[in-house]
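Enquirer: Just passing along the structure, written as structure tokens.
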Amino acid sequence: MKQTEMLVRDLEISDTTLRDTIYRIHLRYARSRQESFTRTEAVERMNRLLSELKLILTPQQFERLMSIPRQQGARVHRAERDSLDQDATSPTP
């Protein structure tokens, strides 16, 4: 559910049918994640997930998806970096 919420927010998806479809895809892959343990299986699963999302997202949405850092830590780091960049461009009193 959390993956879907973040993706919907990051890609600004308002279509409820598309949101439900993305949720079902994420749920299916979450269940398969419980059954696989190797790095190879994880990479293959991620590639299949991205292939499915590419079919239902617009090209612009998919491009944005691919530009989002994969790990939550990277996402937090990006937000901190963006905040610092904004501070650097703001005029100082």
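The values are calculated or read from the model by the stated rules, or taken from the named source; none is laboratory data. All values derive from a computational prediction rather than experimental measurement. Cβ atoms come from the backbone with ideal geometry, glycine included; neighbour counts cover every protein chain shown.
Enquirer: Cβ contacts < 8 Å: first residue more than 19 Å from P69 (Cα to Cα), restricted to the range 34-48; second residue hydrophobic (A, V, I, L, M, F, W, C) and at pLDDT 85 or above, any location; separation 6+ or different chain. Result?
Expert: Taking only residues 6 or more apart or on different chains, the pairs are S36/A42.
Enquirer: Taking the condition modelled with pLDDT under 85, surrounded by 10 or more Cβ atoms within 10 Å (Cβ to Cβ) and of a type in the set (D, E), does D87 pass?
Expert: The answer is no for D87.
Enquirer: Just a yes or no: is a residue in the range 22-39 β-branched (V, I, T), surrounded by 13 or more Cβ atoms within 10 Å (Cβ to Cβ) and not in a helix (DSSP H, G or I)?
Expert: No - not one qualifying residue is present in the range 22-39.
Enquirer: Using the structure shown, decide if L18 is in contact with a Phe, Trp or Tyr (Cβ under 8 Å, 6 or more places away or on another chain), surrounded by 12 or more Cβ atoms within 10 Å (Cβ to Cβ), modelled with pLDDT of 90 or more and part of a helix (DSSP H, G or I).
Expert: It is false that L18 is in contact with a Phe, Trp or Tyr (Cβ under 8 Å, 6 or more places away or on another chain), surrounded by 12 or more Cβ atoms within 10 Å (Cβ to Cβ), modelled with pLDDT of 90 or more and part of a helix (DSSP H, G or I).
Enquirer: Output the number of the condition that L55 fails; it satisfies all remaining conditions of (1) hydrophobic (A, V, I, L, M, F, W, C); (2) at pLDDT below 90; (3) assigned to a helix (DSSP H, G or I).
Expert: Only one criterion in (1) hydrophobic (A, V, I, L, M, F, W, C); (2) at pLDDT below 90; (3) assigned to a helix (DSSP H, G or I) is unmet by L55, namely (2).
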